[in-house]
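Working notes for the structure below.
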Amino acid sequence: MAAARPDPPSARASHGAARRLLLAASWQRAADQRVDPDALPRLELPDDDLAEWRREHPLALLLPVVQRLLLDDVEGSGLLVAVGDERGRLLWVEGDREARRRAESMLFVAGAGWAESRVGTSAPGTALELDRGVQVRGPEHFSHLVQEWSCTAVPVHDPADGRVIGVVDITGDDRAAGEQTLPLLRATVAAMEAELALSRTRTSRPARRPRAHPSARSTPPPPPRLDVLGRDEAVLHAAGLATTLSARHSELLLLLAARPEGWSAEALAEAVWGERGAVGTLRPELVRLRHALESVAPALVPTSRPYRLPTRLATDADEVVDLLDRGAHRAALRAATGLLLPGSSAPGVEGLRDDLVRRLGESLRTSGSADVLLQWVATAQGRDDDLARRELLRLLPPRSPRRAGLVAQLAATPADLP
């Protein structure tokens, strides 16, 4: 079902009719492209690709300019400075430590895609879309997750041929879209472009161009993804379509995605039905799954001996794990929208579900943040995590009103309380 469309920007925009038209047109583009205003951005550059893309990108030469003009005095300001590539993927996000921590919850982190086609109206994405400086304040953002923030962004051009090679953004409170911010960013970008031209003169050779990243050669549809959190029937996103699978096909496709090396017939039957002898039941079910996939995602039709997917299938559970591995605890908790196929009693699915809950709990308990843990124990995944409650009792002030409820929840657990 299509996401609910947010109300359009109001006449609160402060720069007159032209500014209002710019924002309204951006919102319309986002609505036309079915951007979900409640969805997190996606991590479009995994760690290995991010490190390589940073090294090869011409913007890497210009970071000292950004540091000198924007970053030297930013700690404690509540502001962030981000540098993204020509496709809206953030390559560097620096600035105030507390602001960076808060920004994790909306996945404003290195590697995330902030193109307008992904998140709707925002300064970095819309600046790239229009090839001009843009300011977006609070509720003018299309995404609900970003409406507590303001931002200003200006695209960066190659001085040799004028093509856009990236974008520089300032994000934070209202000051991030203040009257002086856009002139400051324009001056910074002018200095960056001048430095790039000067570096070519010094080296007497063409500026480094980024090596063609697989995703930069064309604009293919995003890779297939399986959403399994908080739903009994998985949704497969492939070739621009969203297909709801049956409960049994959801279990089979998830298990195949979780083990790229494949399954023997006996092992897969045991993972689904709990009996290695259920191969006779497994085989016709796999035939039905193949037929279902042939029309919507032919590249995912499973092969046999062993049973495996011919190409990688990512899941929304994988994204949670990726965020945990990056230390983005708040973003991981927001992305963990429910238990993994909660209605399934397949042993293999139960194992994956329990493993994800365990990883979430272990990571969040070490985050050192009481508010994150309070959110965690209020979820379906964390409601039984007594270790998190004990950690909360250690972190909360002695007079916190929340302690009484935690003590009551732990009353049946025999242990010394802090």
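Summary table below
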| item | result |
| --- | --- |
| Selected residue (criterion: nearest to ALA234 (Cα to Cα)) from residues of region 266-290 that are touching an Asp or Glu at 6+ places or on another chain (Cβ under 9 Å) and not in a helix (DSSP H, G or I) | ALA278 |
| Residue among LEU198, LEU229 that alone is farther than 22 Å from ALA30 by Cβ and at pLDDT 90 or above | LEU229 |
| Within region 91-197, strands (runs of 3 or more DSSP E) holding 1 or more residues that are within 18 Å of ALA331 (Cα to Cα) | 164-172 |
| When residues of region 327-346 are limited to those that are crowded, with 16+ Cβ neighbours inside 10 Å and among the polar types (S, T, N, Q), the one modelled with the lowest pLDDT | THR337 |
| Top-ranked residue in region 142-190 [being more than 19 Å from GLY113 (Cβ to Cβ) and among the hydroxyl-bearing types (Ser, Thr, Tyr); ranked as nearest to the chain's Cα centre (by Cα)] | SER150 |
| The lone exception for ALA127 - which of (1) touching a residue at least 60 places away in the same chain (Cβ under 8 Å); (2) over 20 Å from ASP322 (Cα atoms); (3) touching a Gly at 6+ places or on another chain (Cβ under 8 Å) it fails | (1) |
| Filter result (surrounded by 13 or more Cβ atoms within 10 Å (Cβ to Cβ), in contact with a helix residue (DSSP H, G or I) (Cβ under 7 Å, 6 or more places away or on another chain) and at pLDDT 90 or above) within region 287-313 | LEU289, LEU293, LEU300, VAL301, PRO302, TYR307, ARG308, LEU309, LEU313 |
| Any hit, region 291-309, residues being outside any helix (DSSP H, G or I) and closer than 12 Å to GLY348 by Cβ | no |
| Residue check, VAL81 closer than 25 Å to LEU130 by Cβ, outside any helix (DSSP H, G or I) and more than 17 Å from the chain's Cα centre (by Cα) | yes |
| Residue among ALA278, ALA269, ALA239, ALA247 that is surrounded by fewer than 21 Cβ atoms within 10 Å (Cβ to Cβ) and without any contact (Cβ under 8 Å) to a residue 40 or more places away in the chain | ALA278 |
| When residues of region 343-362 are limited to those that are touching a residue at least 60 places away in the same chain (Cβ under 8 Å) and of a type in the set (A, V, I, L, M, F, W, C), the one nearest to GLU275 (Cα to Cα) | ALA346 |
| Region 117-141: number of residues that are buried (at least 21 other Cβ atoms within 10 Å of the Cβ) and within 15 Å of GLY84 (Cα to Cα) | 10 |
| Residue list for region 14-45, restricted to those being surrounded by 18 or more Cβ atoms within 10 Å (Cβ to Cβ), out of contact with any Lys or Arg (no Cβ under 8 Å at 6 or more places or on another chain) and over 21 Å from GLU86 (Cα atoms) | ARG20 |
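The values are calculated or read from the model by the stated rules, or taken from the named source; none is laboratory data. All values reported here derive from a predicted model rather than from experimental measurement. A quick note on method: Cβ atoms are made from the backbone with ideal geometry, for glycine too, and the neighbour counts reach across all protein chains shown.
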